[in-house]
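Report on the following structure.
The values are calculated or read from the model by the stated rules, or taken from the named source; none is laboratory data. What you are looking at is a predicted structure, and each value in this text was computed from that prediction instead of being measured. Here the Cβ is made from the backbone with ideal geometry for all residues, glycine too, and neighbour counts use every protein chain on show.
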Amino acid sequence: MTAGVAGTGLAAPALVPPLRPGQCQLWWASARDAHPRLRELLDEGGRARADRLRKPAARALHLTAHALARVVTAAQLQLQTSMLRMQAVCKQCGGPHGKPQPPEPLRLSWSHSGERVVVALTLRIDIGVDVERVAPYEQETADRVLAAPERAALATLPEAGRPEGFVRYWTRKEALLKSTGDGLAVSPGLLHVTAPAAAPRLLSWSGPARPSLPLHLYDLDAGPGHLAALATVGAPVRLTRHDGSSLLAAQHASADASGLLTDPIRPTAERSFAS
């Protein structure tokens, strides 16, 4: 296992840099970025799910995350966003749900909570990312999702620090389960990760679903009131941080006279996915 922390520099606004082998681009945005025009960037299924969300806050997060994921993925593939096709296939049952799968050789994961949205993108390295707002938790939830050593470590924290400690555990476990494609079909309580203040690392995975490849775990800087983690399968990555808010703002600001969104500004460098 390896551990790391994300960098702090932001990419140039409205620019989607070429994705390099061994790199993980982390695109950060906010629920406040959910301009109505971004709905045009979603596919039919994404728009239908957005329409079913009754709470404006949930709809804003959904719109921002899905639009940002499609913009950066299409840019890497040199496609018009409207031409991008992504599917989700459940690892357990093969149904049309689960981890999003962009065209080869890209790997994608996204998450949203509270005010924060993050989209992670790599070449050929399976990933999972999770961001969560720090909030009070129920002891029943902790008993269900934490391993016994984790519950003991959480109990030693000052009471005021336990919500953050719990969320640190949760984001690490969620990132790991998303990276393998298992999601919550595998109980988080089967995973044992390091204590909140320690470097992120998977200590054990109980049960038959344990992956054969090594898992690498990273804590991310998600901003005030939020925590986040990223996991990769098989190989470590170099993390780079990018400004998704500026990219989305450029999207709806660039609408042409017909009112349709244009694709993002792309770098002139030729895209190459060679290993």
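Rundown of residues vs (1) assigned to a loop (DSSP other than H, G, I, E, B); (2) surrounded by fewer than 15 Cβ atoms within 10 Å (Cβ to Cβ); (3) not aromatic (Phe, Trp, Tyr), yes/no style:
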| position | (1), (2), (3) |
| --- | --- |
| Ala74 | no, no, yes |
| Arg107 | no, no, yes |
| Trp110 | no, no, no |
| Ala120 | no, no, yes |
| Ile125 | yes, no, yes |
| Val129 | no, no, yes |
| Glu132 | no, no, yes |
| Ala142 | no, no, yes |
| Arg162 | no, no, yes |
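Could you list, in sequence order, the residues of the stretch 45-63 that are buried (at least 17 other Cβ atoms within 10 Å of the Cβ) and not basic (Lys, Arg)? Walk me through how you get there before you give the answer.
Looking only at the stretch 45-63, we keep the residues that are buried (at least 17 other Cβ atoms within 10 Å of the Cβ), and these are 46, 50, 59-63.
Selection gives Gly46, Ala50, Ala60, Leu61, His62, Leu63.
Which ones in the stretch 195-206 are in a loop (DSSP other than H, G, I, E, B) and touching a Ser or Thr at 6+ places or on another chain (Cβ under 8 Å)? Don't jump to the end; show me each part of the working.
Narrowing the stretch 195-206 to residues in a loop (DSSP other than H, G, I, E, B): 195-201, 206.
Those that are in a loop (DSSP other than H, G, I, E, B) and touching a Ser or Thr at 6+ places or on another chain (Cβ under 8 Å): Pro200, Arg201.
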All but one of (1) within 19 Å of the chain's Cα centre (by Cα); (2) on the phi > 0 side of the Ramachandran plot hold for Gln78, so report the exception by its number. (1)
Of the residues that make up the stretch 91-109, is at least one within 26 Å of Pro224 (Cβ to Cβ) and at pLDDT 95 or above? yes
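Looking at the stretch 177-188, is at least one residue in a helix (DSSP H, G or I), over 20 Å from Gly22 (Cα atoms), in contact with a Lys or Arg (Cβ under 9 Å, 6 or more places away or on another chain) and modelled with pLDDT under 95? Can you show your working first?
Of the residues in the stretch 177-188, the ones in a helix (DSSP H, G or I) are 177-180, 183-185, 188.
Among the residues that remain, those that are also over 20 Å from Gly22 (Cα atoms) are: 177, 183-185, 188.
Of the ones still in play, those that are also in contact with a Lys or Arg (Cβ under 9 Å, 6 or more places away or on another chain) are 183, 185, 188.
In the following step, the residues that additionally are modelled with pLDDT under 95 were identified as 183, 185.
Yes: one or more hits.
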Residue by residue through the stretch 220-246, note down the ones that are more than 24 Å from Ala34 (Cα to Cα), of a type outside the set (Val, Ile, Thr) and in a loop (DSSP other than H, G, I, E, B). Gly234, Ala235, Pro236
Mind listing just one residue for me: the one in the stretch 29-44 that is touching a strand residue (DSSP E or B) at 6+ places or on another chain (Cβ under 9 Å) and in a helix (DSSP H, G or I) and, of those, surrounded by the fewest Cβ atoms within 10 Å (Cβ to Cβ)? Ala31
Positions within the stretch 141-181 being within 27 Å of Ser212 (Cβ to Cβ) and among the hydrophobic types (A, V, I, L, M, F, W, C), in sequence order: Val145, Leu146, Ala147, Ala148, Trp170, Ala175, Leu176, Leu177
Out of curiosity, is Leu19 at pLDDT 90 or above, surrounded by 19 or more Cβ atoms within 10 Å (Cβ to Cβ), outside any loop (DSSP other than H, G, I, E, B) and not charged (D, E, K, R)? no
